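Please read the structure below before turning to the comments.
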Amino acid sequence: MYFLELAEIFEKMEQTTSRLELTNHLVYILKKTTSVIIDKIVYLIQGKLGPDYQSKQLGVADKVVIKSLALASGYSVNEVQIKYNEIGDIGDVAYEILKSKLQTTLFYEKLTIERLYNTLLRISELTGSGSIELKLKYINSLLNNSTNLESKFILKLILGNLRLGIADFTVLDAIAIAFTGDKKNRKILERAYNVSSDLGKIARILFDGSIDEVKSIPISIFVPVRPMLAERASDAEEALKKMNGKMCYAEYKIDGERIQIHKHNNRIELYTRNLENVTNNFSDLVHEIEKINSKDLIAEGEIVSVDLITGRFLPFQSLMHRRRKYNIEDAIKDYPVLLNLFDILYYDNQDKTNLPFSTRRKILEEVLSFKHDKIKLINQKTVAKVEEIDKFMTKAIENGCEGLMIKNPNSTYRAGAREWAWIKLKKEYSNKLLDTIDLVIVGAIFGKGRRVGKYGALLLASYEPDEDTFYTICKVGTGFTDEILDEISKKLKNHIIENKNPRVISGEIKMDVWFEPKIVIETFSPEITLSPIYTTSIDKIKKGYGLALRFPKFTGKIREDKNAEDSTTIKEIENIYKKQLKSI
Ligand code: AMP
């Protein structure tokens, strides 16, 4: 299949704001594909070269792309740079300045998707001296064999700027329709996605095999499993009720970063909650994990920064120093961490996710039966009464935790699912104040006065998992220092889009800038109110009204560990609103 066909569909997808149309375009492409390239097409559609956990990053600098475009177009580097500053997207620049190119090209060999993918992959693997020249050479070989439309999307792919407005779930819908003829099968594919984290692989298996094969994709080492998630309760009584008043486990809820450990003999890899490989950032932990006496292992825990003198857990922000790309060794010395294991998914060559949590915990205790310096079992207590939970909560808070996790001892490990088997209970709830809420940034208006030239307020949205859409809930303009506003603006720059994203339901609201739903921030608000402007729970509680955060404030925490789809859900917002009404 030629890339031109894909580029033409990309062009159409860029123009549409309808989710249904986007899905139809995807189905069309998928149906036209061949077995050899099916997975590659799925990755390219997502603007990637493989599943997230493989971290195949293109890593090409703007400078190199500008130079190759200059070479391909006959413009000078300076002229391309000026156009880039004007237009803001290098793909769109290529589209414009390469318009008349094909008539003048003598040797034109139509670009196949396979060749494009393989060349991009080669570019992603280039490092060290001489790599820039080679990258230039490869990019040029692609541009020389493509139309201006293809060039536009090649450069967008290379710079990671392909914004088609689709999310994983839209791709899953399309795969279900294209290869099983029924969107309902998405549920089955979703389970496969939760254990394999690889949409390309699922599409390939379906293409060559059957849905039964997809159903039986096993958990495997070095393929991160999408993490099990928790619902939230506002107090111990509600949490216990959800456990049917029976005995359950209370665990410290630590404000760190969730890590999934994969071990096979001496090879160890660490993945974050959004499946990023962070093994290099935590080599101190890797040395400790090596000492664990097991051949195979997939386990989960929370890494937290600790004060070695007091032993207290430090807030999430200190841990972020450990995520830097350079001078990692210094960060390891300056910011010691502790890994608190709370679950085990695979051990001794066996998938353990179908065992009850109480059994998994016992296995974890056996695995960690001797003392490790930097690894411990999460602090856990068996509870059956409100007073027991409250007492343990006080202790957790004293030790620097966010609160508690209440867990059902009988529950299996449900990859990617947010259910009442795990319940988070934070200290803020117990004060009857509203908890912090994680929301995704979907738009912005420019600032005035001191904020001229910067964003004045950000439009935030909550998540609706059943529809895989985002509903607006407030504009936030307070709680930002100049530094953090600059940092957020820098991150948002990569996600600016011309029109509102089709997955964002925003009613009539007008914004100066729209963003792809990507960056999640933590907010705080003393109250949730009805609002005629925002769309969260629109018409559900009162006709013409949605729910909004009243006096929202940014807490200063960018949730680097969360994807847009991990934002607080509409259902959670509704629950908080209902609780609030009861407590008045
Ligand atoms: P939240 O990020 O507020 O949705 O809370 C869920 C997160 O709490 C998980 O993804 C973990 O990163 C973290 N966490 C801290 N302690 C625990 C624990 N004992 N069990 C499970 N998750 C925990």
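In region 126-149, the residues that are under 11 Å from SER68 (Cβ atoms) form Cβ pairs under 8 Å with partners that are charged (D, E, K, R) and exposed (fewer than 13 other Cβ atoms within 10 Å of the Cβ), at six or more places apart or across chains, as follows: TYR138/ARG122. In region 419-437, the residue that is nearest to the ligand (Cβ to nearest atom) out of those that are surrounded by fewer than 20 Cβ atoms within 10 Å (Cβ to Cβ), at pLDDT below 90 and among the basic types (Lys, Arg) is LYS427.
Yes or no, residue by residue, for (1) over 23 Å from THR569 (Cβ atoms); (2) among the basic types (Lys, Arg):
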site	(1), (2)
THR394	yes, no
GLU402	no, no
ARG414	no, yes
ILE437	no, no
VAL440	no, no
THR472	no, no
LEU492	no, no
HIS495	no, no
GLU498	yes, no
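Among the residues making up region 263-278, those that are touching a helix residue (DSSP H, G or I) at 6+ places or on another chain (Cβ under 9 Å), modelled with pLDDT of 95 or more and away from the ligand (no atom under 16 Å from the Cβ) are LYS263, ILE268, GLU269. Applying the criterion of being under 22 Å from ASN399 (Cβ atoms) and without any contact (Cβ under 8 Å) to a residue 40 or more places away in the chain to the residues of region 277-310, the residue that is surrounded by the most Cβ atoms within 10 Å (Cβ to Cβ) is VAL306. When the residues of region 365-403 are filtered to those that are touching a Lys or Arg at 6+ places or on another chain (Cβ under 8 Å) and surrounded by fewer than 15 Cβ atoms within 10 Å (Cβ to Cβ), the one that is farthest from VAL304 (Cα to Cα) is ALA384. Scanning region 222-246 for residues that are exposed (fewer than 15 other Cβ atoms within 10 Å of the Cβ) and at pLDDT 95 or above yields a single hit, LYS241.
When each of LYS391, LYS381, LYS385 is tested for being under 21 Å from LYS242 (Cα atoms), over 30 Å from the mean Cα position of the chain (by Cα), of a type in the set (Lys, Arg) and within 14 Å of the ligand (Cβ to nearest atom), the lone residue that passes is LYS381. Filtering region 449-476 to residues that are in contact with a Gly (Cβ under 7 Å, 6 or more places away or on another chain), farther than 30 Å from LEU20 by Cβ and touching a residue at least 24 places away in the same chain (Cβ under 8 Å) leaves LYS454, TYR455. The residues of region 178-187 that are buried (at least 17 other Cβ atoms within 10 Å of the Cβ) and more than 13 Å from ASP168 (Cα to Cα), listed by number, are ALA178, PHE179, THR180, ASN185. The single condition among (1) in contact with a Ser or Thr (Cβ under 9 Å, 6 or more places away or on another chain); (2) more than 16 Å from the ligand (Cβ to nearest atom); (3) part of a helix (DSSP H, G or I) that ILE576 does not meet is (2).
Pairs linking a residue in region 401-427 that is over 16 Å from ASP343 (Cα atoms) and among the hydrophobic types (A, V, I, L, M, F, W, C) to a residue that is near the ligand (Cβ under 8 Å from one of its atoms) and in a loop (DSSP other than H, G, I, E, B), with Cβ atoms under 8 Å and 6 or more positions apart or on different chains, are CYS401/ILE254; CYS401/ASP255. The residue that is nearest to ILE202 (Cα to Cα), among those in region 220-246 that are more than 16 Å from the ligand (Cβ to nearest atom) and under 20 Å from the mean Cα position of the chain (by Cα), is VAL223.
Could you pull out the residue among ILE533, ILE496 that is over 17 Å from CYS474 (Cα atoms) and surrounded by 14 or more Cβ atoms within 10 Å (Cβ to Cβ)?
After ruling out the rest, the residue left standing is ILE496.
Among the residues making up region 144-153, a single one is among the hydrophobic types (A, V, I, L, M, F, W, C) and buried (at least 24 other Cβ atoms within 10 Å of the Cβ): PHE153. Of the helices (runs of 4 or more DSSP H) lying entirely inside region 1-111, those containing at least 3 residues that are in contact with a His (Cβ under 7 Å, 6 or more places away or on another chain) are 3-15.
Residues of region 67-82 that are surrounded by fewer than 20 Cβ atoms within 10 Å (Cβ to Cβ) and of a type outside the set (Asp, Glu): LYS67, ALA70, LEU71, GLY74, TYR75, SER76, VAL77, ASN78, GLN81, ILE82. Within region 45-70, being farther than 22 Å from THR127 by Cα and aliphatic (A, V, I, L, M) holds for ILE45, ALA70. Could you look through region 394-418, keep only residues that are within 12 Å of the ligand (Cβ to nearest atom) and touching a Cys at 6+ places or on another chain (Cβ under 8 Å), and pick out the one that is farthest from ASN354 (Cα to Cα)? The qualifying residue farthest from ASN354 (Cα to Cα) is ILE406.
When ILE188, ILE175 are checked against the criterion of being modelled with pLDDT under 95 and of a type in the set (Val, Ile, Thr), a single residue qualifies: ILE188. Within region 247-262, residues that are within 7 Å of the ligand (Cβ to nearest atom) have Cβ atoms under 6 Å from residues that are among the polar types (S, T, N, Q) in these pairs: GLU251/GLN380; TYR252/ASN379; ILE254/ASN340, counting only partners at least 6 apart in sequence or on another chain.
Quick one: in region 334-371, of everything that is of a type in the set (A, V, I, L, M) and touching a Gly at 6+ places or on another chain (Cβ under 7 Å), which residue is farthest from VAL286 (Cα to Cα)?
LEU341
The values are calculated or read from the model by the stated rules, or taken from the named source; none is laboratory data. Not measured: the values here are computed from a predicted model. Note that we place each Cβ from the backbone using ideal geometry, even for glycine, and neighbour counts take in every protein chain shown.
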